[in-house]
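> Encoded as C-alpha cells, here's the structure I'll be asking about.
The values are calculated or read from the model by the stated rules, or taken from the named source; none is laboratory data. The model shown is predicted, which means the values in this text are computed figures rather than measured ones. Don't worry about glycine lacking a Cβ; one is built from the backbone with ideal geometry, like all the others, and counts go over all protein chains shown. Protein only, heavy atoms only, side chains kept; ligands, DNA and RNA dropped before computing areas. Shrake-Rupley method; radii C 1.70, N 1.55, O 1.52, S 1.80 Å.
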Amino acid sequence: MSPQTRRATLVGLGALALGALGAAAMVVAHFRPEPGSHSALAIGGPFTLTASDGQTVSDSSYRGKWLLVYFGYTYCPDVCPTTLNDIAEALGRLGPLADRITPLFITIDPERDTPEVLGRYVMSFDPRIVGLTGTPEQIADVAREYRVYFKKRPTGKNPDDYLMDHSSILYVMDPEGRYVTLISAEQKPGQIAARLRQLISQSS
Ligand code: NI
C-alpha cells in the first residue's frame, strides 16, 4: 500500500473503532475503552459553554493548560464520582505539575446540572476541577466533537426519574488545544498521574 492508502486505511479503521465504541456504549452505561495513542482522527474542537460562576467560556479560555476532559453528570450513581475522585487524587500526586493541568468536567445532563449544581459538585472533589454546562445544543455539539455517547434512560414516572448512559473516557488535550490521547477512566490515580507526567515531560 502507498503511504496515502495506508493512512486512509488507518483513519478508516479508527472511524470504525469509534463507531463500534458508540454502539458498545448503547448497551453499557459506562463504556470504558482501552487507552489509545496519538490518533489522526479529529477529537475535540471549539466549544462555548457556561462555567459554574455563570461566565461564558470557550475552548480558547484554556489555552496554555493541559486539559483532562471528562463528560458525565452530577446525578451519576457510580462511575462519575469515582472518576472525579481519581482525578482529584491524581492531581494531588502530581504536586506542582498539576498547576499545568485543568480538568474539565462537562455535563451531559444540562437539564439538571445548572452552573450552581455543577460548581458545588466539582468543588466537593477538588476546587481545581472546572464544571461546565450549557444549553442542550451546546452540550450536544461538544459531545459530538469528542465523540461522546450519551442518552437519557428513564427510571420512573417522574420526569426527573432518569439516569444518563454515557461513555466514560478521559481526553488529554495539549496547551494548544490539540487532542493528545485517551486515558481509560478505569486507570488508577497513580496511573493517570504517571501518564500525565510522562506526556507533559515529553513535550517540554
Ligand atoms: Ni457517570
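> Counting only residues that are within 13 Å of the ligand (Cβ to nearest atom) and not in a loop (DSSP other than H, G, I, E, B), which one in region 163-185 is most open to solvent (accessible area, probe 1.4 Å)?
Leu163
> So which of Ser124, Ser60 is more than 14 Å from the ligand (Cβ to nearest atom), among the polar types (S, T, N, Q) and farther than 25 Å from Gln191 by Cα?
Residue meeting the stated conditions: Ser60.
> Could I ask something else about it? Would you point out which residue out of Ile108, Ile139, Ile87 is at negative phi, open to solvent by less than 10 Å² (accessible area, probe 1.4 Å) and in contact with a His (Cβ under 6 Å, 6 or more places away or on another chain)?
Just a single option satisfies the conditions, and that option is Ile108.
> Consider Pro77 carefully, then state whether it is more than 15 Å from the chain's Cα centre (by Cα) and under 28 Å from Asp160 (Cα atoms).
yes
> Still on this model: Return the pairs, sorted by first residue and then second, in which the second residue is open to solvent by 10 Å² or more (accessible area, probe 1.4 Å) and assigned to a helix (DSSP H, G or I), the first residue lies in region 55-78 and is within 24 Å of Phe150 (Cα to Cα) and in contact (Cβ under 8 Å) with a residue 24 or more places away in the chain, the beta carbons are less than 8 Å apart, and the residues are 6+ apart or on different chains.
That search, which allows pairs on different chains as well, returns Gly72/Val79; Thr74/Val117; Thr74/Tyr121.
> If a residue must be within 15 Å of Asp53 (Cα to Cα) and exposed (fewer than 15 other Cβ atoms within 10 Å of the Cβ), how many such residues does region 111-136 contain?
4
> Quick one: is Ala193 in the same structural domain as Asn85 (by TED's automatic domain parsing), crowded, with 18+ Cβ neighbours inside 10 Å, at pLDDT below 95 and closer than 19 Å to Leu94 by Cβ?
no
> Can you tell me which of Pro154, Pro115 is away from the ligand (no atom under 15 Å from the Cβ) and under 19 Å from Thr56 (Cβ atoms)?
Pro115
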